[in-house]
Amino acid sequence: MICRKIYQGKLRNSVRHSICRWFQSSVSPVMPATVCSGKRIHFFRNYTTAFTSFSKTNASFTLRGCNFSTQDALDLPAGGIIDIPLAQTGEGIAECELLKWFVQEGEQVEEFQPLCEVQSDKATIEITSRYKGKVSQILHVPGSIVKVGETLLKIGVDEIPDPTETSDFSEKMTLLESDFSGSSDISSVPEKTKIGGVSSTPAVRNIAKQYGLDINDVPATGKDGRILKEDVINYAMQKGLINEAPACAQQKHSEISPLIGGRYEDRTLQLRGYQRAMVKSMTLAAKIPHFYYVEEMNCDALVELKKSFQNEDSDPKIKYTFLPVLVKSLSMALTAHPMLNSRFNEESYEVILKGSHNIGIAMATPNGLVVPNIKNVQSLSILEITKELSRLQNIAKINKLSPNDISGGTITLSNIGGIGGKFGSPLINSPEVAIIGMGRIQKIPRFAEDGNVYPASVMTINVGADHRVLDGATVARFCNDWKKFVEKPDLLLLHTR
C-alpha cells in the first residue's frame with residue numbers, strides 16, 4: 001500500500017511537469033514564464049469535470065483538471081479572484097436592492113470591512129467582506145435589484161482557503177479558475193463615479209429619474225451626505241427643468257403626476273423594499289377569512305397616567321405616550337387568552353401558541369409601511385417598553401431596522417389614530433392570527449348613571465381575527481379583559497410579575 005501511494009505521488013508530479021513543459025513550448029514566447037510557476041497553478045481535490053478549451057485573447061488552455069492563462073501573472077494576485085455573491089439575508093428573501101457601495105474598484109479591503117448596503121423586503125443590511133484583498137470589479141450600481149446568489153463584486157486575494165474535502169478517498173486534482181475581465185470587458189463596468197454610489201432612498205432616486213437627472217450629480221444636504229427629495233427638486237429647478245417645486249413633490253409617493261412642460265404626464269413607480277413586502281403580505285392576507293370586533297374604551301385614567309409620567313419625567317430623551325401602556329395592558333390580556341398570541345400552520349392544521357409576547361407596531365416610514373416588534377413584552381416594564389419603542393421608531397426613520405427587529409412578531413397593533421381616523425379595519429399580518437387597529441382618543445359626551453352628561457376620552461379599537469382559528473366569543477372575552485386593564489391601569493400592578 002505504501003509503495004502504491006509513493007508511485008501515485010510520483011506519477012502526479014510527473015504529469016504536472018510534463019504539462020508545464022508542453023505548455024511553455026506551445027505558447028508564444030511573449031508570454032511570461034512565471035505563468036506556469038507553482039504560484040499560478042493550483043491543484044485541489046475532488047475535480048470531476050473533463051474538458052478542453054482554447055481562446056485566442058489571453059489564451060486559455062484547460063486540460064482535465066488543469067488551467068493555464070497567458071494573462072500576465074503580475075496583473076492578478078497569486079491567490080486569484082474571488083466572487084462575492086449576495087448571500088441569503090433572511091428566510092424567504094429572493095432578491096435585494098443595492099442601496100450604496102462603501103468601496104470602489106482598486107481599493108484595498110480588510111476582513112469584515114463593510115462592502116455595500118442592501119435592502120430586502122424586511123430590513124437594511126450591510127454586506128461585509130470575508131477576505132482581505134483588492135476590489136477587482138464591481139458588477140452592480142446603486143438602485144439595482146440583485147438576486148440572492150448573484151455576484152456583487154470580485155476581490156483579488158493573496159491566499160485562497162483550502163477547499164473542504166468531501167471524500168477521504170478522493171485522489172483527483174482540481175484547479176481554481178481565476179475570473180478576470182480584460183480590456184474588452186471594461187466597457188461593461190459602470191463608471192467609478194457611479195460605482196461609489198450615493199446615499200438616498202429609492203423614492204428619491206425615482207424622482208431624479210423622472211426629471212432625467214443623474215442622482216450622482218445632485219448636491220446632498222442631508223446627514224452623512226444623504227440626498228433628500230428637496231435636493232433633487234432644487235437641482236431640477238437650477239437646470240431649468242421646472243419653474244417651481246410642484247405641489248405633488250410635498251408627498252413622497254404622491255399619485256399626482258408632476259407638471260412637466262405645462263402638462264401632466266403619467267409616471268411609473270417601482271415598488272422596492274418594504275413596499276414589496278407589503279404586496280406579498282397583503283396578498284397572503286387576502287386569502288384569510290377575517291372577522292372584526294369593534295369596541296370602545298374609556299381612556300380618562302390613561303390620560304391622567306400619561307400626565308403623571310410626564311410630570312415625573314427626569315430624562316428629557318424619553319417621550320411618554322399612550323402606546324407603551326396599551327402595549328403592556330395588551331400583554332396582560334394575552335396571558336389570559338393565548339389563542340390570540342399564536343400562529344397558524346395551514347398545511348398541518350396546527351396552531352402554535354407562542355410563549356413570548358412579541359407585539360408588532362405598524363409604523364409609517366419614508367420607505368413604506370414596516371412592522372417591527374417589541375420582544376418579550378410580558379417581561380418588560382412600561383419604562384422599558386417606552387425606551388424600546390423609541391429605539392425602533394428612530395431606526396425605522398433612517399431605514400436601519402435589522403432582520404431581528406422585524407421578524408418573530410406574534411400580534412400586531414396598528415395605531416392609525418396617531419395620524420387620524422376614528423378606526424380602521426386592518427388586515428392580518430400572516431402567519432399571525434390577530435391584528436388590532438386603534439383610532440384616535442377623542443372627547444365625546446357620556447351619560448352618567450344619574451343621567452348627567454360628562455365628557456369622556458374614548459378610543460375605538462377594531463380587532464381583526466382569523467376566523468379559521470378564532471371565534472367571536474374568544475375575541476370578545478379578550479377585549480373585555482384588555483378594556484379592564486386600559487380603563488383601570490392600576491390593575492396592572494396586581495398582575496405585574
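The values are calculated or read from the model by the stated rules, or taken from the named source; none is laboratory data. Just so you know, these numbers come straight off a predicted model, no measurement behind them. Neighbour counts are summed over all protein chains in view; Cβ atoms, including those assigned to glycine, are modelled from backbone coordinates with ideal geometry. To get the accessible areas, we keep the full protein, side chains included, count just its heavy atoms, and leave off ligands, DNA and RNA. Shrake-Rupley method; radii C 1.70, N 1.55, O 1.52, S 1.80 Å.
Points to keep in mind about this one:
- Check on PHE423, open to solvent by 40 Å² or more (accessible area, probe 1.4 Å), touching a strand residue (DSSP E or B) at 6+ places or on another chain (Cβ under 8 Å) and outside any strand (DSSP E or B): yes
- Considering the stretch 316-363, the residues that are out of contact with any strand residue (DSSP E or B) (no Cβ under 9 Å at 6 or more places or on another chain) and charged (D, E, K, R) include one that is surrounded by the most Cβ atoms within 10 Å (Cβ to Cβ), namely LYS328.
- Enumerated helices (runs of 4 or more DSSP H) restricted to the stretch 259-371, each holding at least 2 residues that are β-branched (Val, Ile, Thr) and more than 18 Å from THR410 (Cα to Cα): 274-285
- Qualifying residue in the stretch 392-411 (condition: of a type in the set (Gly, Ala, Ser), in contact with a strand residue (DSSP E or B) (Cβ under 7 Å, 6 or more places away or on another chain) and on the phi > 0 side of the Ramachandran plot): yes
- Evaluated against (1) open to solvent by 70 Å² or more (accessible area, probe 1.4 Å); (2) in contact (Cβ under 8 Å) with a residue 12 or more places away in the chain; (3) touching a strand residue (DSSP E or B) at 6+ places or on another chain (Cβ under 9 Å); (4) not polar (S, T, N, Q), ILE288 falls short on exactly one condition, (1).
- For the stretch 466-483, the condition of being assigned to a strand (DSSP E or B), modelled with pLDDT of 95 or more and open to solvent by less than 30 Å² (accessible area, probe 1.4 Å) holds for at least one residue.
- Residues (open to solvent by 40 Å² or more (accessible area, probe 1.4 Å) and in a strand (DSSP E or B)) located in the stretch 445-465: PRO445, ARG446, PHE447, VAL453, TYR454, PRO455
- Long-range neighbours under 8 Å by Cβ, at least six apart or interchain, first residue of a type in the set (Gly, Ala, Ser) within the stretch 472-483, second surrounded by 18 or more Cβ atoms within 10 Å (Cβ to Cβ): GLY472/TYR293; ALA476/TYR293
- Neighbours by Cβ (under 8 Å, 6+ apart or cross-chain): first from the stretch 207-226, over 13 Å from LEU241 (Cα atoms) and without any contact (Cβ under 8 Å) to a residue 12 or more places away in the chain; second of a type in the set (A, V, I, L, M) and open to solvent by 30 Å² or more (accessible area, probe 1.4 Å): THR221/LEU228
- Filter result (among the aliphatic types (A, V, I, L, M) and either in contact with a Cys (Cβ under 6 Å, 6 or more places away or on another chain) or within 22 Å of LYS422 (Cβ to Cβ) (or both)) within the stretch 286-296: VAL294
- Scan the stretch 428-475 for residues that are closer than 27 Å to LEU284 by Cβ, among the small types (Gly, Ala, Ser) and in contact with a strand residue (DSSP E or B) (Cβ under 6 Å, 6 or more places away or on another chain) and the total you get is 5.
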